[in-house]
Amino acid sequence: MTLPIVESISPPPSALRGWAFWSAMTMLALLGAAIVFLIVAFLLGEALPLISKGGFTRFFTDEGWWPRDASFNMTPMVVASLYLTVGALLVATALSLAIALVTTFKAPTGLARLMRNLVELSAAVPTVVYGLWGVSAIVPIINLWSPPGASLLAGVLVVALMIIPTITVLTQSALQTVPVAYVQGAAALGVSENQTLLRIVVPAARQGIFSAMVLGAARAIGETMVVLMVCGNIVQVPASLFEPVRALTANIALEMPYAMGDHRASLFVAGLLMLLLVSVLVAAGEWVGRRQREMGL
C-alpha cells in the first residue's frame, strides 16, 4: 500500500514580507530605545564622580558658577532656561492658535494654502538663521529701549518665532479632528461663528493643542544656538526681561571646548538636568492628556 504524499504548506509571500517588515520595525524601535538608555548611562558615568563628592544638591546651593573655585551653582541657568521656555511658549501658543484658526476656518482656500506653506517652510529654517536675525534685528531694537539689548526678552521673542511652526502644524491637525457636527449644531442653535470657534471648537481640540504646546516647549528648552547668540550669556537670575541671561544649553556649548576635570563633569551634570527637565515636561503632558481622556474632555 502506497502512502499519499503530503506536500508541505509554506506561508504566502505576503505573510513573509509582513513578518520581515514588522521584525525590522521592532528591531529599529528597540535600537532607538537602547540609544536613549546608552546616552543616559554615558551622562551618568561622566557626572557621577563629581556628584559623589558633594551630592546633587550642591549644584543648587554652591555660592555661584565659578568652576575654577569648585563652585558649580546652576540655579541661575536653570531659572533662565525655564523663563525662556515659558515666555516663548506663551507668545508662540497665542500666535500659533491664531494662525491655525484663520487657516482652518476663516481664510480663503488660496490664502490658507499659502500661509500653511509659509509655516511649513519656516520649520525648515536652520536655528542659526533665526539667531542671526535676532542679533541683527531684535537685539538692536531692544537696545534702543533698554541696553544692552541681548537679554531674556530677545531670547523669548526669537525662540517663540522658532517654535511657532511646530505648534501651528499640530494645532491645525487638532482643529481638523473636531467633528463637523459640533459646528453644524452650534450654527443650528444660532451661535455666532466666532463664539463657535472659541467656545466649542477650541475646547474640543484642547488635548491636541496641549500636546502641541508640550512639543513646542520641549524644543524651546533644548534650544542652544539662538539663546547663545541673543541672550547675553551672563550667569544671573534676571530681575527683568531686559537683563542678559545664560541658559543651561548655552553654558554647555560655551564651556565644553576647554573644560577639564570637575569642570567638565559639571557640564555633564547640566546635561542630566536638561534630560530631567524634558522628562518632567513630557510626563506632565502625558498625565494631563490621560486625565482629559478619563474625564471625556
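Take the chain, connect every pair of alpha-carbon atoms lying under 10 Å apart with a spring to form a Gaussian network, then pick out the residue of Phe42, Phe21, Phe59 with the largest mean-square fluctuation.
Phe21
Specify whether the C-alpha gyration tensor of the chain places it in the rounded, prolate or oblate class, a ≥ b ≥ c being the square roots of the eigenvalues: rounded for a/c under 1.5, otherwise prolate if a/b is larger than b/c and oblate if not.
Numbers: a/c = 2.28, a/b = 1.19, b/c = 1.92.
Cα axes put the chain in the oblate bin.
Give me the percent of the accessible area of the chain that comes from carbon and sulfur atoms, probe 1.4 Å, all protein chains in place.
On the way: 11830 of 16890 Å².
After summing per-atom areas, the C and S share lands at 70 percent.
With springs only between Cα atoms under 10 Å apart, run a GNM on the chain and tell me which of Ser192, Ser52, Ser23 wobbles the most.
Largest GNM mean-square fluctuation: Ser23.
Apply the a/c threshold of 1.5 to the C-alpha gyration tensor of segment 1-142 and tell me whether it is rounded, prolate or oblate.
oblate
Roughly how many whole Å is it from the C-alpha centroid of segment 227-297 to that of segment 50-94?
Each part reduced to its Cα centre gives a spacing of 8 Å.
At 1.4 Å probe size, with every protein chain present, just tell me what the per residue accessible area of segment 43-154 comes to in Å².
Heavy-atom accessible area per residue stands at 54 Å².
Looking only at Val169, Val237, Val191, which one moves most when the chain is put into a Gaussian network model with springs between Cα atoms under 10 Å?
Greatest mean-square fluctuation among the candidates belongs to Val191.
In Å², what does the accessible area per residue of segment 181-274 work out to with a 1.4 Å probe?
45
The values are calculated or read from the model by the stated rules, or taken from the named source; none is laboratory data. Predicted model only: the values in this text are computed from it and were never measured. Side chains included, ligands, DNA and RNA excluded: accessible areas come from the protein's heavy atoms. Shrake-Rupley method; radii C 1.70, N 1.55, O 1.52, S 1.80 Å.
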